[in-house]
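Laboratory data are not the source of any read-out in this text; all were calculated from the coordinates shown. Computed from a predicted structure; not experimentally measured. Glycine also receives a Cβ, built like all others from the backbone with ideal geometry; neighbour counts cover every protein chain displayed.
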Amino acid sequence: MPLLKDGRVAEDAWISSADDQPVATDRPVIISFERWQAERASFDGRNAPLGIRLKSGTLAGAIAEDLDRFALVAIEFPKFRDGRGFSTARELRERYGYTGEIRAVGHVIPDQYRFLIRTGFTSAEAPEGTNPESWANALSEISIAFQPSLDETQPLSLLRRRLGAG
């Protein structure tokens, strides 16, 4: 699956490790939350970056105490209608101050890309055969926001106040 950053296809240095496979020690690897819980101590002293993959129902607080150990948090979207991942990303940024990469994985579509960025995601795995231009266009198609976000877009309500419009 192509990795998208800033609306462009980017090289992905990360590999995912299945729970029943050995974890590479010499390169960035993403492990499941379940594996982290079961084998946490085995990752002590690891030199290569470590990432964690959260299912959509896993709350950000479940990894809050360990965030400094993860260079990447991958959040699963089992269906494009499942918005819990947006809340998890925003909570990681706002409540827990996480500054590493947050990646959307699973069933995400270009129509969601702008909102992914606005809620704190830095990358997304696009489906195979995706048109990268549709993802890049999604960042510029809508320029007005109605709610506050983590990006620099000001919500329409603040713009109206600045302009003195009702």
* Can you give the Kirkwood hydrodynamic radius of region 3-141 from its Cα pairs, in Å with one decimal? -> 15.3 Å
* Size of electric dipole in region 3-141: Cβ of Lys, Arg +1 and of Asp, Glu -1, about Cα centre, debye, nearest 20 -> 360 debye
* Asked: What order, most packed first, do the peptides 12-19, 58-65, 104-111 have when packing is the mean number of other Cβ atoms within 10 Å of each residue?
  -> 104-111, 58-65, 12-19
* Based on the mean of other beta carbon atoms within 10 Å per residue, what is the order of 84-90, 5-11, most packed first? -> 84-90, 5-11
* Asked: What residues have an amide H closer than 5 Å to that of Ile102, excluding those fewer than 5 places away on the same chain, when H is modeled at 1.01 Å from N in the peptide plane?
  -> Val73, Thr122, Ser123
* To do: For region 21-35 and region 1-18, write down the distance between their C-alpha centroids in whole Å.
  => 16 Å
* Structure fact -> Highest mean packing first, using Cβ neighbours within 10 angstrom, the peptides 121-128, 94-101, 31-38 sort as 121-128, 31-38, 94-101
* Asked: Suppose every K and R has +1 on its Cβ and every D and E has -1 on its Cβ; what is the size of the dipole of region 82-140 about the Cα centre, in Debye to the nearest 20?
  -> 300 debye
